[in-house]
1. Structure shown: which of LYS8/LYS46; LYS39/LYS64; LYS64/LYS85 lie over 21 Å apart, alpha-carbon to alpha-carbon?
2. Could you give the angle, 0 to 90 degrees to the nearest 10, between helix 77-87's Cα long axis and the longest principal axis of the Cα atoms of the chain?
3. Heavy atoms only, probe 1.4 Å: what % of the accessible area of region 3-91 goes to carbon and sulfur, would you let me know?
4. So what does ASP74 come to for accessible area, using a 1.4 Å probe and Å² rounded to 10?
5. Counting just the Cα atoms, what span does region 18-69 cover along each of its three principal axes? Round to the nearest Å and put the largest first.
6. Take the alpha-carbon positions of the chain, form their convex hull, and give its projected area averaged over all directions (one quarter of the hull surface) in nm².
7. Using the heavy atoms of the protein chains and a 1.4 angstrom probe, tell me the accessible area per residue for region 17-91 in square angstrom.
8. Taking 8 Å as the Cα distance limit and 6 or more residues as the minimum spacing, I'd like the relative contact order of the chain as a percentage.
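The values are calculated or read from the model by the stated rules, or taken from the named source; none is laboratory data. Just so it is clear, the structure is predicted and the values come from calculations on it, not from any experiment. No Cβ is skipped: glycine too gets one built from the backbone with ideal geometry, and neighbour counts run over all protein chains shown. For accessibility, only protein heavy atoms count, side chains too; no ligands or nucleic acids. Shrake-Rupley method; radii C 1.70, N 1.55, O 1.52, S 1.80 Å.
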Amino acid sequence: MYLDKARKEEIFSQYGKAQNTTDTGSAESQIALFSYRIKHLTEHVKKNRKDYVTTRSLTRLVGKRRALLDYLYDRDVTRYRAIIKALGLRK
């Protein structure tokens, strides 16, 4: 399994606002988790071009991440810029 409990806790502790691992609700931690999943699914779709179900899931996941990034941009631009820089996303 590519995303186990330990990896999730690592992502949440690294990108979450709070220092503990229970910060799963902040926009930054959700964006980081979506980015990890998007990266994994992108590699899968590159290998399996005819997997249309996964391609659709990837498209929906990118849309969810974009919506969270838009929300974060409206609320706090500095947090938005920090997460973009930390994850290496381009805008």
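1. LYS8/LYS46
2. 50 degrees
3. 50 percent
4. Its accessible surface works out to 120 Å², give or take rounding.
5. Dimensions of region 18-69 along the principal axes of its Cα atoms: 41, 19, 13 Å.
6. With the hull built on Cα positions only, its mean projection is 6.2 nm².
7. On a per-residue basis, 72 Å².
8. 21 percent
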